[in-house]
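Asker: Here it is, the structure in full.
Just so it is clear, none of the values below were taken in a lab; they were calculated from the coordinates. Here the structure is a predicted model, which is why all the values come from computation and not from measurement. Cβ placement follows ideal geometry from the backbone for every residue including glycine, while neighbour counts extend to all protein chains displayed.
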């Protein structure tokens with residue numbers, strides 16, 4: 001335990017002792033009833049601490065975040081809490097997280113993700129243009145040797161590298177159209193071949 005955790009524990013223990021002592025002094029109930037009420041409040045307190053401690057696990061059960069690869073060849077992507085669909089693809093062997101964007105024409109890589117996939121963003125020719133919500137940006141067309149999602153792999157895939165600032169790579173229709181069917185239903189996006 002860190003010194004801060006120990007100090008917090010001592011503080012909370014002293015606070016509980018003061019509260020408990022005050023409760024016993026002001027209570028006009030019999031000692032048995034007082035102890036029963038203290039036990040009930042203690043259980044409520046322990047239950048609240050348990051719920052807070054387990055909230056991450058509870059949240060993961062309520063909002064699944066794992067992409068599933070079905071035996072039928074489908075890929076099922078659950079909707080994230082922010083309303084978007086995120087998926088990790090292997091580009092030239094490097095895992096890159098994308099946000100699925102059916103409004104984007106191409107697979108659009110950030111410069112950082114392009115470098116992770118083995119491309120040199122500084123050596124690219126940014127002669128293309130894209131019109132985004134933030135205005136016009138320059139893009140560089142690239143070809144990826146390999147794009148894999150789970151057991152599915154595509155070769156010689158076109159993409160563009162964004163010349164401007166971008167937080168996350170976008171998985172647009174240029175790649176999604178390689179799938180025979182795209183469905184969004186019940187908070188899940190399903191890709192089928």
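Asker: Which percent, to the nearest 5, of DSSP beta bridges fully inside the stretch 68-192 are antiparallel?
Answerer: Roughly 90 percent of the DSSP beta bridges within the stretch 68-192 come out antiparallel.
Asker: Roughly what angle does helix 3-26 make with the longest principal axis of the chain, taking Cα atoms, 0 to 90 degrees, to the nearest 10?
Answerer: Its long axis makes an angle of about 40 degrees.
Asker: Counting pairs of alpha carbon atoms under 8 Å apart in space and at least six apart in sequence, what relative contact order in percent does the chain give?
Answerer: Computed over the chain, the figure is 20 percent.
Asker: Turning to a different aspect of this structure: In degrees between 0 and 90, to the nearest 10, how far off the longest principal axis of the chain does helix 31-62 point, with axes built from Cα atoms?
Answerer: Tilt relative to the chain: about 0 degrees.
Asker: Counting other C-beta atoms within 10 Å, which of 9, 119, 89 has the fewest, and how do the rest follow?
Answerer: Lowest count first: 9, 119, 89.
Asker: Based solely on its DSSP helices, what 222 nm [θ] is calculated for the chain when runs of n ≥ 4 H residues each add -39,500 (n - 2.57) and the sum is averaged over all residues, nearest 500 deg cm²/dmol?
Answerer: Computed mean residue ellipticity for the chain: -11500 deg cm²/dmol.
Asker: Sticking with this one: Based solely on C-alpha atoms, express the radius of gyration and the Dmax of the chain in angstrom.
Answerer: Cα-based Rg and Dmax for the chain come out at 26.9, 84 Å.
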